[in-house]
1. Need one number: % antiparallel among DSSP beta bridges in the chain, to the nearest 5.
2. Any idea what the relative contact order of region 1-88 is, in percent, if you count C-alpha pairs under 8 Å spaced at least 6 apart?
3. Output needed: percent of Cα pairs per 10 Å distance bin for region 374-455, bins running from 0 to the one holding the longest distance.
4. Just need log10 I(q)/I(0) for region 106-230 at q = 0.15, 0.18 Å⁻¹, Debye formula, equal scatterers on the alpha-carbon atoms, no solvent, rounded to two decimals.
5. Per residue, how many Å² of accessible area does the chain show with a 1.4 Å probe?
6. Kindly write out, for region 30-43 in residue order, the coupling ³J(HN,Hα) from the Karplus curve 6.51 cos²θ - 1.76 cosθ + 1.60 (θ = phi - 60°), rounded to whole Hz, with x marking Gly and Pro.
7. Taking the alpha-carbon centroid of each part, what is the distance from region 105-151 to region 352-386 in angstrom?
8. Rounded to whole Å and ordered largest first, report the semi-axes of the equivalent ellipsoid of region 215-311 derived from its Cα gyration tensor (root of 5λ).
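The values are calculated or read from the model by the stated rules, or taken from the named source; none is laboratory data. Since this is a predicted model, take the numbers as computed values, not measurements. Here the Cβ positions follow ideal geometry from the backbone for every residue, glycine too, while neighbour counts run over all protein chains shown. Only protein heavy atoms, including side chains, enter the accessible area calculation; ligands, DNA and RNA are left aside. Shrake-Rupley method; radii C 1.70, N 1.55, O 1.52, S 1.80 Å.
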Amino acid sequence: MINWKEMKNLLVISKLSEILYKWYGTELIWTDAQAKIQSGHLDKDHEYKNQFFAVQMGMPHGHDLINNDIENIADQLKDGKEQTIIFDSFFPHVQGVASRVVVDGEYMGTVFAYPFVSGSLKEKEMKELMARMTEAGASDDEAKSCIEDLRILDESDVEYLHELVELVGEEIVEFHEEITKREHRIKELNSELGDKYRYHMMIGKSKKMQQIYHLLEKVSSSEASVFVQGENGTGKELVAKAIHYYSPRRDNMFLAVNCSAFNDNLLDSELFGHMKGAFTGAVKDKKGLFEQSNGGTLFLDEIGDTSLSMQVKLLRVLQEGTYLPVGATSPKKTDVRIIAATNRDIKKMMETGEFREDLYYRINVINVNLPPLRERREDVPILMDHFLKKRCDEAGLPMKSYSKKCMEKMLDYHWPGNVRELENEVERLVVLAGDDKIITPEHLSPRILESVGGPRGGSNVVKGINTNGSLKQALEELESLMIRDGLKRCNFNKSKLAKELGISRASLIMKVDKYDLDKRKKAANE
Ligand SMILES: Nc1ncnc2c1ncn2[C@@H]1O[C@H](COP(=O)(O)OP(=O)(O)O)[C@@H](O)[C@H]1O
Ligand SMILES: [Mg+2]
């Protein structure tokens, strides 16, 4: 159901309604699917803009007349093929433009602009209209003056009016869909997620991080293997720790090993341990990580960098819970929860035979995919504050803060090194700021200082704009200039220009009105 009452309070609609009156002298009216007027025109204290309509509504059967018209319009629109029509009202030569509102293929109501006369109103026609008005209950004077108030529109005016009324309909549908979507989202958020900004040692309040927290909550209590994927510095190890410390294994060891830091033989001995004399230098027995973390959690970082023969051994531990220390003759048993991580494209590695599929399916029981920082920029400020506080506390310094400009620069940067890079940058800033309380952009690393954020980094030089005076004024000047040039370039095709400028058609029309740029409107006022 469309909330029709709400539409009146919608800025776009009330603006378009003003514009329709200013340019074409018409009232903007909307009705629901039962052809009931919902735009407030039946309210007792409603102020009519258009004289003719005011007089009509003051007639003994004024309401019935308009209701009759509306029902006819609705009938035409409901079943016809056309989205928008020009209709004849009860009064001869007086017309309106009506457009239907359809949501998901269902007719929801009508928007229309009324009344006007198209082409001309000849002496004889005027008399006809006068007669009909007085018949319906208007006084001679009333009829005369309100007929004079009717706007006479030429073909191109009507064409454009047609477009505008259709646009109002589109705006209503869009607004309705927006509201519906938002309501769904709010429901979804309320039912599933709190507004957590941290989980164990992880900081972040973006929707993406909330979803990760939610997943981790469910994962922790289980015994399933977890596979964490994400770029370098996204916090893969923090995820592993969070899972361990919120799991029933929390009182046992959490150990981490970076598989890419060892060659095959060393990794073998690191993970599984070795017996005295197993190789030169093995002067005594050594416990491997699988033994040390027995009952706890072992984090296998960079598992994508292990050899195929190592992968076979890992698979065996996962499947059977047994392994063979280097130089041993009988296998050992272990009860370790495995959390593995990689920043490599594991799917591709399976295709090229570099990573065993059976191992992948064994560790990927639950998959946690950490989004890069550039996809959750809303977490940048909270992370900046977190690391700043951490640094200042550790160094025993009074708390510092960032200047606005510094903050902006950090927000614009795309953070290829993710949270780790951000953490390092903050550390650097704290050192360079020395005794300064406020951290200013000049201490930023050059790559951050020089980065230009996304679409804002254009190179068009602003010429001919008065850069003295207020910013607002200068912006308005620029806006008006861009629209004026654009209108010419697009041959006054507003849909095309709106797309080019990246704004909605409705807001373009509002701006055209604000800056007085429309050629048709000028014609109408002459
Ligand atoms: N969400 C986060 N909140 C706080 N610190 C984070 C977060 N993500 C990463 N870090 C920090 O960034 C650094 C890199 O994290 P790490 O888990 O080692 O990343 P990865 O293993 O993905 O390369 C660590 O110092 C870690 O504490
Ligand atoms: Mg890591």
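1. Looking only at bridges with both residues in the chain, the antiparallel portion is about 55 percent.
2. Relative contact order for region 1-88 comes out at 19 percent.
3. P(r) for region 374-455, in whole percents per bin: 18, 58, 22, 2, 0.
4. -0.90, -1.03
5. Result: 53 Å² per residue.
6. My calculation for region 30-43 gives 9, 10, 7, 5, 8, 6, 8, 5, 10, 8, x, 5, 9, 5 Hz in order.
7. Spelled out, the Cα-based centre of one part sits 67 Å from the other.
8. 27, 17, 10
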